[in-house]
Amino acid sequence: MSELKAFESALESKLAEQKAEVAAVTEKAAKQFEAKVEQINEEMTKSNKAIVEALEEVKEAKAAFGKLSSKAESKVAVSYNDHINAIKAEIGNVIEKGWNDIKNAAKNGGRGFSADLDMKAVGTMTLGNNLTGSAYVSYVDNPYMRSFVNPHLRSVFNIIPVSTGSVSFPRGNSPVGEGSFGKQTEGNGKPQVDYDVTVVNTALSFIAGYAKVSRQMIDDLPFLQAYLQQSLIEDFQKAEDTYYLNAIAASATAGSSSGANTAEKFIDYYAQLGALGWTPNIALTTHAGWAGLLKTKPSDYSVPGGVVIDAQGNVRIAGVPVIPHSLVTASKIYLMDSSKFAIAQQSGLSVRSTEFDQDDFIKNLITFRCEARCELLQFQPSAAVYGAI
């Protein structure tokens, strides 16, 4: 039993470094275990107790030996406590596996038994070797989850609230009518004119989309609900921009220019719109078109008159801001008077959620919906020039 005593001494030495209360509890448990083993040996000698019965008692003693009171255990550092428990468990395993050798050694006065503890060597602590589970993770909000189009046409055109899904407005024809003004010849009748008008009827449609998400995802990702709302609104406006830009292009005045570069074409389109009686106040083009304006260099390395470029790359031609827009068709530009266009809206843009769509309640799902019932009103389609750059 000398080797076993050595194990116990090593264990007591380690536990002595801990608080006195923990050391006392452990020492008491060790003595009780030793007494139990001696008692079993005596009972086997006196009553010739079956080996199986004695082995069961050793197992029970091992279990009792491996337990510290919850009060004492809570006072020991987790990593060291695990190490001590591992030592105790290994001693118990040695006794259990070598029971026959221990029994024979007891008959010979404690001689003839030895065992090695299979314990991990002491070394540098690392996450890979010493951590069970996962390391703590820091959470940082990301304010740049996705890109956004700017400007949306909702910030360019006026929005007109209407009460129904059908809108009508009058538009003067072009040419406006027949006849013309002129000088009256004495004694003769005055010139007569008439005017033609068209009532334009526009039906409003819903532009809409929805997303489904589990309640678990909403609960476990605190940023998700706000991100869903931002993304649904952004994608709604991108779809709306595309519809309106296509509608304007289909009805706009076709751009005509003999200019050799982007800046010259722009000036020709400005003159073309002015000849129709309209005054442009905004130009939308691609980012490549905007870059072409900044790089326009005729033979004398100067841009045409009326072109102003500030230090931030903002371009104005004849006072009209040229704004790059990611949804404009490649190699195209819209030069227009924005006051001649508007958005009629019967129901405002909104994001709503419900858990009662289809079987959402049963499946713990939430449906998010984004929509608005709206349409572009082109009071004067010719107030826009759509041309190549």
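Worth a mention:
- Restricting the search to strands (runs of 3 or more DSSP E) fully inside region 137-204 and requiring at least 3 residues that are outside the structural domain of GLU375 (by TED's automatic domain parsing) and under 28 Å from ILE282 (Cα atoms) gives 166-179, 193-203.
- Filter result for TYR270 (in contact with a Leu (Cβ under 6 Å, 6 or more places away or on another chain) and in contact (Cβ under 8 Å) with a residue 40 or more places away in the chain): no
- Flag if VAL385 is touching a residue at least 12 places away in the same chain (Cβ under 8 Å), outside any helix (DSSP H, G or I) and in contact with a Gly (Cβ under 8 Å, 6 or more places away or on another chain): yes
- When ALA318, ALA283, ALA311 are screened for being surrounded by 19 or more Cβ atoms within 10 Å (Cβ to Cβ), out of contact with any Ser or Thr (no Cβ under 9 Å at 6 or more places or on another chain) and of a type in the set (A, V, I, L, M, F, W, C), only ALA283 passes.
- Residues that are at pLDDT below 90, out of contact with any helix residue (DSSP H, G or I) (no Cβ under 9 Å at 6 or more places or on another chain) and in a helix (DSSP H, G or I) within region 265-308 comprise just one, LEU294.
- Checklist (1) surrounded by fewer than 12 Cβ atoms within 10 Å (Cβ to Cβ); (2) over 12 Å from the mean Cα position of the chain (by Cα) applied to LYS212, failing item: (1)
- Annotation: VAL328 fulfils all but one of (1) within 30 Å of the chain's Cα centre (by Cα); (2) among the aliphatic types (A, V, I, L, M); (3) at positive phi; the unmet one is (3).
- Residue, modelled with the lowest pLDDT, within region 210-246, restricted to residues that are small (Gly, Ala, Ser) and part of a helix (DSSP H, G or I): ALA226
- Under the condition of being in contact (Cβ under 8 Å) with a residue 40 or more places away in the chain and either farther than 13 Å from TYR334 by Cα or polar (S, T, N, Q) (or both), the residues counted in region 242-260 number 6.
- Whichever residue in region 353-389 is within 30 Å of ALA263 (Cα to Cα) and of a type in the set (Phe, Trp, Tyr) and, among such residues, is surrounded by the fewest Cβ atoms within 10 Å (Cβ to Cβ): PHE379
- Test for ILE207: is it part of a strand (DSSP E or B) and crowded, with 16+ Cβ neighbours inside 10 Å: yes
Quick grid of which residues meet (1) of a type in the set (A, V, I, L, M, F, W, C); (2) under 28 Å from PRO143 (Cα atoms):
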site	(1), (2)
VAL199	yes, no
MET217	yes, yes
PHE223	yes, yes
GLY259	no, no
ASN281	no, no
THR285	no, yes
GLY289	no, no
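- Only one of LEU294, LEU335, LEU276, LEU284 that is more than 19 Å from VAL385 (Cα to Cα) and touching a strand residue (DSSP E or B) at 6+ places or on another chain (Cβ under 9 Å): LEU294
- Odd one out for SER350, checked against (1) under 23 Å from LEU377 (Cβ atoms); (2) surrounded by 14 or more Cβ atoms within 10 Å (Cβ to Cβ): (2)
The values are calculated or read from the model by the stated rules, or taken from the named source; none is laboratory data. None of the values given here were measured: they were computed from a predicted structure. Note that each Cβ is placed from the backbone with ideal geometry, even for glycine, and that neighbours are counted across all protein chains shown.
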